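The values are calculated or read from the model by the stated rules, or taken from the named source; none is laboratory data. Worth saying up front: this structure is predicted, and the values here are computed from it rather than measured. When we count neighbours, we look across all protein chains shown, and the Cβ atoms used for this are built from the backbone with ideal geometry, even at glycine. Surface areas here come from the heavy atoms of the whole protein model, side chains and all, with no ligands, DNA or RNA. Shrake-Rupley method; radii C 1.70, N 1.55, O 1.52, S 1.80 Å.
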Amino acid sequence: MSPHQVSESTHWDEWNSRYRQPETMIDEASFRRMHSVLDWLERLKIPHPKILEIGCGTGWLSSKLKTFGTVTGVDLGISIIEAAKRREPDIDFRSGDIFEVDLPLASFDVVVTLETLF
């Protein structure tokens, strides 16, 4: 991991720990966006989709997405991903840059990025 990636990881670990603890610190606007995504997934009617969440942070949305299918969550943070793995062991959480994480090509039916910009 490069020094820049370590700095980014530390930043996102700290930010998510401060502002995105599952179920306790999610703001109303984020909840509205979450419900929009969940409604959209419901309308898609894809039977048991493979879902990729980019920028999953603490995994608060991933835990809702798993009701639809198999979820992989990726975030730059390290400690937040480790905590998410402990809370939700049935979700494949990975730490790293989405452009560098080893994910199988063309293996997801749905990609979600909530509050994440490229």
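Checked against (1) out of contact with any helix residue (DSSP H, G or I) (no Cβ under 8 Å at 6 or more places or on another chain); (2) in a loop (DSSP other than H, G, I, E, B); (3) open to solvent by 80 Å² or more (accessible area, probe 1.4 Å), SER107 meets all criteria but (3). Considering GLY59, GLY55, GLY69, GLY96, the condition of being open to solvent by less than 80 Å² (accessible area, probe 1.4 Å) and at pLDDT 95 or above is satisfied by GLY69 alone. MET25 fulfils the conditions (1) in a helix (DSSP H, G or I); (2) hydrophobic (A, V, I, L, M, F, W, C); (3) at pLDDT below 75 except for a single criterion, (1). The set of residues from region 72-93 being open to solvent by less than 70 Å² (accessible area, probe 1.4 Å) and in a helix (DSSP H, G or I) comprises SER79, ILE80, ILE81, ALA83, ALA84. Whenever a residue of region 32-53 is at positive phi, its partners that are surrounded by 12 or more Cβ atoms within 10 Å (Cβ to Cβ) and among the small types (Gly, Ala, Ser), lying with C-beta atoms within less than 7 angstrom and at least six residues away or across chains, give the pairs HIS48/GLY69. For beta carbons closer than 6 Å, sequence separation of 6+ or different chains, a first residue in region 98-110 that is closer than 20 Å to GLU42 by Cα and of a type in the set (Phe, Trp, Tyr) and a second that is open to solvent by less than 40 Å² (accessible area, probe 1.4 Å) and at pLDDT 90 or above, the qualifying pairs are PHE108/LEU52.
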